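The values are calculated or read from the model by the stated rules, or taken from the named source; none is laboratory data. No experiment lies behind these values; they were computed from the predicted model shown. FYI the Cβ positions are ideal-geometry reconstructions off the backbone, even for glycines, and counts take in every protein chain you see. Surface areas here come from the heavy atoms of the whole protein model, side chains and all, with no ligands, DNA or RNA. Shrake-Rupley method; radii C 1.70, N 1.55, O 1.52, S 1.80 Å.
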Amino acid sequence: MNYRLNAVKAISRRKIFETFITPGFYIALSVSLLLGYFLINGFINSIDSSGLNYGLNPVYELIAKSLSGAFGDTFVIKLFSEGPFLFALYIAYIPFLLYLTISSVFKFGFEKKVGAIELLVYGPSDGTSYFLASLVKDIVFTFVFLGAVLVFFWITAIVNNMVLGPEFFYSCIVILFLSLAFFSYGIISSVVTDSAVSGIALFLGISIFFIILQMGSFAIISGYVTNLSNVLAWIVKWVSPLFYWHLALSSIGYGNGGVFVVNLFLLLLLSIVILVISHLVLKARGVRV
Amino acid sequence: MIQTEGLTKKYGDFTAVDNVDLSIPAGEIYGFLGPNGAGKTSTIMMLLGITSPTAGRIELFGEEYTSGRLDLRRRIGVVPEKHPVGMWSWMTAGEYLSFFADIFGLKNPGKRIEDLLTQVKLIGVANKRISEFSRGMLQKLSIVRALLHDPDILFLDEPISGLDPIGIKQVRDLIIAENREGRTIFISSHLLSEMEKICHRVAIIFNGKLLAEDSMDVLLLKLARDREIDIDLEEVPDGLAEEIEKLDFVNSVSVTETTIAVKVPKEGDYRKDISRFLIKKELIPLQFKEKSISLEEAFVTITQDNVKLLAGVGGKA
């Protein structure tokens with residue numbers, strides 16, 4: 001019997017059940033779907049006889065201007081080329097991703113503090129079994145989220161006489177791999193810190209840094225930011241999930257399936273590297289605070 | 001069953017466990033004693049594979065043990081001092097045990113759970129939520145959890161700490177019953193009087209060093225400086241204590257009402273000599289009682305004056 005695999009199965013089953021019976025999951029999913037709904041509704045209200053007119057909806061006007069400033073006009077045009085669903089998908093995804101990752105980091109810190117992880121690893125399991133179980137739970141709920149979003153958006157599309165384009169479906173696949181990378185960063189944040197709060201702070205710090213870096217790379221091109229080191233940005237981008245996400249998204253736009261698959265693979269590789277480092281750190285530090 | 005050689009754990013410059021050699025044979029109730037901060041928990045964490053030793057080696061069931069040996073870890077049952085606060089409180093006792101049975105990969109654990117809950121008299125609350133359990137009930141549930149997979153050795157960390165007298169008796173009886181079934185029991189505690197009642201062998205750790213490891217009787221005998229004989233008389237005449245004290249084998253004498261406590265060297269039996277002396281004085285001893293040193297007294301002796309005393313008792317200083 002593979003003891004670790006068995007422990008991962010047992011602990012993840014329990015975690016999945018626990019998540020299903022807590023209101024947090026339903027609140028996060030509702031917030032995500034509501035955000036998606038408002039964005040789709042806003043898009044529909046921004047359409048006039050000449051097509052999409054951001055000016056018709058103040059919220060959309062603000063969003064479009066902000067995104068153009070951060071990522072460039074081409075990005076915005078691409079984002080809305082299939083209608084509102086791609087944009088709504090990513091915006092709906094953010095609160096759910098934050099809920100899943102932050103709740104997992106919090107639980108890791110809390111359960112480590114009260115000795116629950118220690119109790120679990122007294123048996124034929126170890127700290128790695130615990131975080132892998134947590135990862136399995138998060139992946140399962142990412143599938144649940146994508147399933148719910150697909151059904152909800154599909155119904156919305158039918159009702160409003162629109163269609164979900166191929167980029168939407170490709171993006172769902174990217175989201176799975178992107179989530180895996182963020183979950184891995186959540187795990188390493190938990191492993192290297194001693195409390196739930198410091199774990200969450202580290203994870204948010206890393207995520208914000210990657211976002212700034214991603215936006216900064218556009219800003220440099222636009223000449224807005226001069227004090228951000230190009231060299232530093234070049235180095236750090238290789239460990240940023242957003243870098244591969246952006247490349248994968250761009251490759252869909254260009255119709256380059258090979259680049260798309262390579263970037264998914266690189267996201268997977270990045271996640272594995274982070275998980276291996278987490279395993280080694282946890283082995284050295286142990287599960288006791 | 002468990003053997004350690006030169007087990008050492010350092011945290012920076014601080015040495016929590018210093019070159020400890022343990023030897024725990026199968027079938028024993030082994031007490032691992034020491035005050036708080038002596039290095040008990042650090043040693044146990046290494047034995048359980050939760051932390052790695054800085055130096056030294058651990059042999060478990062005759063095999064080299066490292067933290068990655070999940071197969072060996074499966075043969076251990078552990079009862080921590082406290083149930084993790086706020087954890088799994090929404091589960092019933094049955095669900096909680098099923099969850100752990102699942103981690104151990106037990107097939108159809110229902111019967112085993114039922115039997116163990118019956119044994120500890122918790123079967124009536126199998127469907128009650130853990131949040132409603134008292135400290136004693138949680139401790140018993142914890143023992144059941146640790147026994148689910150029928151481990152070869154059971155580790156208990158302060159198993160009776162914080163329990164009421166009834167809880168203490170129940171847990172003590174359970175430990176003895178498990179040992180009678182052939183299970184090796186390793187108990188870490190600072191409650192010496194309780195350990196004295198159940199342990200076959202004890203090890204005393206202090207400031208990270210193992211000061212003694214021996215069977216309870218041998219350890220107590222070796223650590224006693226004197227043997228105390230309490231003699232009950234009808235009445236104690238004036239000056240008798242002083243006269244007894246003059247006997248060449250007597251170290252000291254004290255009198256409490258009708259009882260004379262005579263301290264003699266621990267080697268040799270002086271009861272006959274004392275009887276003869278009393279009869280010569282026309283006093284009839286009503287009762288002779290030999291008072292042995294308690295584990296608590298032994299512990300104080302060993303920790304305060306260990307180096308000289310332990311030179312010849314098989315312990316390590």
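Quick look at the numbers
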{"read-out": "Value of D in µm² per second that Stokes-Einstein yields for chain A, Kirkwood Rh from Cα pairs, at 20 °C (1.002 mPa s)", "value": "105 µm²/s"}
{"read-out": "Label-point gap, in nm, between A:VAL159 and B:SER134 - each point 7 angstrom along Cα→Cβ", "value": "5.7 nm"}
{"read-out": "Heavy-atom accessible surface of chain B: percent carbon and sulfur, 1.4 Å", "value": "48 percent"}
{"read-out": "C-alpha long axis of helix B:135-147 to longest principal axis of chain B, angle in °", "value": "70 degrees"}
{"read-out": "Portion, in percent, of the accessible area of chain A that falls on carbon or sulfur, probe 1.4 Å", "value": "73 percent"}
{"read-out": "At 0.692 mPa s and 37 °C, Stokes D of the protein assembly as shown from Kirkwood alpha-carbon radius, µm² per second", "value": "113 µm²/s"}
{"read-out": "Farthest toward positive dipole pole in the range B:227-287 [+1 Lys/Arg, -1 Asp/Glu at C-beta], among B:VAL255, B:GLY268, B:LEU283", "value": "B:GLY268"}
{"read-out": "Largest-first ellipsoid semi-axes for the range B:85-146, taking √(5λ) over the Cα gyration tensor eigenvalues, angstrom", "value": "17, 13, 10"}
{"read-out": "Dimensionless Rg/Rh of the range B:227-287 - Kirkwood Rh, Rg from C-alpha atoms", "value": "0.91"}
{"read-out": "Hits among aspartates and glutamates - C-alpha to C-alpha of B:LYS111 under 19 Å, sequence gap 8 or more where chains match", "value": "B:GLU95, B:ASP102, B:ASP150, B:GLU178, B:GLU181"}
{"read-out": "When each of B:LYS169/B:LYS209; A:LYS113/B:LYS140; B:LYS222/B:LYS263; A:LYS283/B:LYS10; B:LYS169/B:LYS289 is checked by Cα-Cα distance, pairs over 25 Å", "value": "B:LYS169/B:LYS209; B:LYS169/B:LYS289"}
{"read-out": "Candidates B:LEU220, B:LEU117, B:LEU106: whichever shows maximal mean-square fluctuation once chain B is modelled as a Gaussian network with Cα springs under 10 Å", "value": "B:LEU106"}
{"read-out": "Sites excluded, chymotrypsin sites (Phe, Trp or Tyr not before Pro) in DSSP loops with at most 13 other C-beta within 10 Å, longest stretch of chain A", "value": "A:1-223"}
{"read-out": "Chain B - Rg and Dmax from Cα coordinates, angstrom", "value": "24.2, 76"}
{"read-out": "Calculated Rg and Dmax of the range A:21-80 using C-alpha coordinates, Å", "value": "14.4, 48"}
{"read-out": "Within a Gaussian network of chain A (alpha carbon springs, distance under 10 Å), most fluctuating of A:ALA92, A:ALA157, A:ALA181", "value": "A:ALA157"}
{"read-out": "Tilt relative to chain A, helix A:58-71 - C-alpha long axis, 0 to 90 degrees, to 10", "value": "70 degrees"}
{"read-out": "B:ASP13-A:VAL276 pseudo-label distance in nm [points 7 Å out on the Cα-to-Cβ vector]", "value": "3.8 nm"}
{"read-out": "Cα centroid separation - the range A:145-222 against the range B:140-157, whole Å", "value": "43 Å"}
{"read-out": "Interface residues in the range B:91-105 - accessible area drops by 50 Å² or more relative to the isolated chain, probe 1.4 Å", "value": "B:PHE99, B:ASP102, B:ILE103"}
{"read-out": "Accessible area expressed per residue, the protein assembly as shown, with surrounding protein chains retained (probe 1.4 Å, Å²)", "value": "46 Å²"}
{"read-out": "Nearest-20 debye value, the range B:85-146 charge dipole, Cβ charges on Lys, Arg, Asp, Glu", "value": "140 debye"}
{"read-out": "Choice from B:GLY268, B:GLY39, B:GLY56 with maximal GNM fluctuation in chain B (Cα, 10 Å cutoff)", "value": "B:GLY268"}
